[in-house]
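Below you'll find the structure, written out as structure tokens, and then a few comments.
The values are calculated or read from the model by the stated rules, or taken from the named source; none is laboratory data. Since the model is a prediction, treat every value here as computed from it, not as a measurement. Cβ placement follows ideal geometry from the backbone for every residue including glycine, while neighbour counts extend to all protein chains displayed.
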């Protein structure tokens, strides 16, 4: 009996719940629909729902912001004022600009100072100092230099002055320096005679380069040179001078004459009449060492043409 079943279930709570669940489900189609609508909310939970809502709000806000930016960009384009946002100037560029400006300022100051010194007599040549003179006189140097006192130092062509002074026969080289505030220094190196050769107009002196720089009496004990065409470009002259410059000082002091009819036949005559057969101008340094040792032995002819087998006769 249905009534008895219900009455029996009244004493058992568990069985009572079992009976009431199907009764609640039989309330009609509207209740069924409500139960199906609320089931996802029960399964989602409050925390998940809160996170979902926050995400939806953020997405809506970002969308609204993007729409607003697009609207503003469209307005700027319509007005023709679209431009890239200005970028801040890097600190390195600022420092570089300051350095460039400082360099420009310093250059301008230097140029201005140079113009003052170049165009005005503030620093002009009031004296000329000449050093290194011996056989060459000061007047010869000043005459060749052609420097007018009172000329601003920066207007003086020091290279031109040096070239003019070096053109003096006895001058081997010349150097010209500005000495601020008001002096010009000329330093010369005179040619030194190494050999002498007799000519109809008198003895000519030659330096180590074979330059004929003076016609004058030779210094004592200066060797004579016998070559056909002495000069700085003559091969025989250069070979003979190379031999003399390679000899030790005590040996050079004994040489009275050097003959070089060719570069392959060089001979030396000593002050006491002894003869040195040198031969070619090859292995000059080695021959000079062997000759210094041979001259300590008695003899009249010293042959170093073959430095491997030097002989004394």
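When 229, 281 are checked against the criterion of being touching a helix residue (DSSP H, G or I) at 6+ places or on another chain (Cβ under 8 Å) and surrounded by fewer than 18 Cβ atoms within 10 Å (Cβ to Cβ), 229 stands alone in meeting it. With respect to (1) more than 30 Å from residue 253 (Cα to Cα); (2) in a loop (DSSP other than H, G, I, E, B), the lone exception for residue 218 is condition (1).
When residue 229 is tested against (1) in a strand (DSSP E or B); (2) at pLDDT below 95, just one condition goes unmet, and that condition is (1). Of everything in the stretch 271-313 that's within 18 Å of residue 241 (Cβ to Cβ) and in a loop (DSSP other than H, G, I, E, B), which residue is modelled with the highest pLDDT? My answer is 304.
Does residue 162 satisfy the condition of being within 24 Å of residue 208 (Cα to Cα), at pLDDT 95 or above and touching a helix residue (DSSP H, G or I) at 6+ places or on another chain (Cβ under 7 Å)? It is false that residue 162 is within 24 Å of residue 208 (Cα to Cα), at pLDDT 95 or above and touching a helix residue (DSSP H, G or I) at 6+ places or on another chain (Cβ under 7 Å).
Every listed requirement among (1) surrounded by fewer than 19 Cβ atoms within 10 Å (Cβ to Cβ); (2) farther than 27 Å from residue 173 by Cβ; (3) in contact with a helix residue (DSSP H, G or I) (Cβ under 9 Å, 6 or more places away or on another chain); (4) modelled with pLDDT of 95 or more is met by residue 268 save one, (1).
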